[in-house]
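Structure record follows, encoded as structure tokens.
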Ligand code: BG6
């Protein structure tokens, strides 16, 4: 009745937030390497800052992150000790193609992922690989303008061809773009976009979105030619928008907000631009840069599963003055009086998780995969690095219980659950280390100081028990 016997329990990270080693192994510079912490970060990730220069002496959190580049064996051993069945990580594009537009890949970069994948397989852990997670070569931004340029589709095609050939028979689950809908909210991270003064930003974002959607379909096509066993997933930052009141105006606003997220999955899972999006884009005078063959490519290469992150639900109102925004939320929302919030203002809604899963499964009828969920919180370790993180356990308990309801009671087909930041990593929105999600504490602070020592938190043993019982025992 519960989760399938081969349910993929595990954790997730991303290269840019964990690997570090920014100048090792022939790696090129990536967009995320030049993003600082603090108040400069927001405008940069929204594509508002031009001429981003890399200053060797400046502190950028992604540069060294938690140095998984050298610690990965130790970290994977800890994941194995927790009983992980799957580990989701991402490929640093600049390790494989340092500039992005080369013809030949960087062998040293591939060798790193060879070792990492083999290490996972040694423990029987299924690698779930995100091809791009908010990162891309800075050269592709400076020389081509990022994903606004159609050429990126070819460069991405080269990247995936190398990866699918290299890891044929070893990696089954791939995700083309992390949170593809983030293009509309953090376009520098999502698509390497830096806006010019006075340009139509929405036009640029939807142009980039089209190129990523085409690239995702192209990747799916290439994957099936190389290895028919590969499963390709799309991935969105999910979280249902609720209407603020039963006023039909609010209900309609919530519907439109939900559609702005579904748009991406509609294309990737159903293979064509949905009518509501075409109409909306037409009304706004936005042109989608279709070229010959795009429509067929999208139609013939839809995804095998729908993966998503879930942290929070959101609330929509037709009244703009109702938006007394909750800080820390990248997506527009107003405060939900029925929900508590995390220290970073993210609304905590376990039942919203079940609601979101039902919406996605009902709409697409494809297997779902929860590839991110968790609580970013401040942890205070004792002298041995031990953290009594009951607050994190409570968050996860409630969310996993609702995920179980969605499977058992509602019949949602679910492949797995990889909670976010299974080891503490750098926060994507804030660049802080102090916003921690992990079962494993990493000694490093917001200024990049610390020994990088890994230690188990209380949640480590708790999650181990959850996995061992296949989600039946959630007790603390
Ligand atoms: C998702 C991203 O948006 O949320 C991750 O895919 C990110 O990269 C995660 O880290 C949590 O957000 P944050 O800002 O707390 O790190």
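Using the alpha-carbon positions of the stretch 274-360, Rg (one decimal) and Dmax (whole number) come out as 17.8, 49 Å.
Over all directions, the projected convex hull of the C-alpha atoms in the stretch 147-217 averages 4.9 nm² in area. Based on alpha carbons, the Rg and Dmax found for the stretch 1-43 are 17.3, 49 Å. A helix-only calculation puts the chain at -11500 deg cm²/dmol for mean residue ellipticity at 222 nm, using -39500 (n - 2.57) for each DSSP H run of at least four residues, averaged over all residues. In terms of its C-alpha gyration tensor, the stretch 303-404 comes out oblate, because a/c is 1.5 or above while a/b does not outweigh b/c.
Quarter the surface of the alpha carbon convex hull of the stretch 435-476 and you get the mean projected area, 3.3 square nanometres.
Each principal axis of the Cα cloud of the stretch 347-461 was taken in turn, and the coordinate range along them, longest first, works out to 47, 25, 24 Å.
Looking at the chain alone, DSSP beta bridges between its own residues are antiparallel in about 15 percent of cases. Peptide packing: for 387-393, 211-217, the average count of neighbouring Cβ atoms within 10 Å per residue gives the ranking 211-217, 387-393, highest mean first.
The distance linking the stretch 136-207 with the stretch 1-58 is 14 Å (Cα centroid to Cα centroid, whole angstrom). Packing here is the average count of other Cβ atoms within 10 Å per residue, and on that basis the peptides 339-352, 146-159, highest first, run 146-159, 339-352.
To the nearest µm²/s, what D does Stokes-Einstein give for the stretch 35-153 at 37 °C and 0.692 mPa s, using the Kirkwood radius over alpha carbon pairs as Rh? Estimated diffusion coefficient is 199 µm²/s.
Starting from a Cα-only point model with no solvent, please compute log10 I(q)/I(0) by Debye for the stretch 215-332 at q = 0.12, 0.17, 0.18 1/Å. One equal scatterer on each Cα of the stretch 215-332 leads to -0.57, -0.96, -1.02. In terms of overall dimensions, the C-alpha atoms belonging to the chain reach 58, 56, 46 Å along their principal axes, ordered largest to smallest. Summarised as an ellipsoid, the stretch 135-293 has semi-axes of 28, 20, 14 Å, derived from the eigenvalues of the Cα gyration tensor scaled by 5 and square-rooted, with the largest first.
Every number here is computed from the coordinates shown, using simple stated rules; none is lab data. Owing to the predicted nature of the structure, the values given are computational and were not obtained by experimental measurement. Positions of Cβ are backbone-derived with ideal geometry, glycine not excepted, and every protein chain shown enters the neighbour counts.
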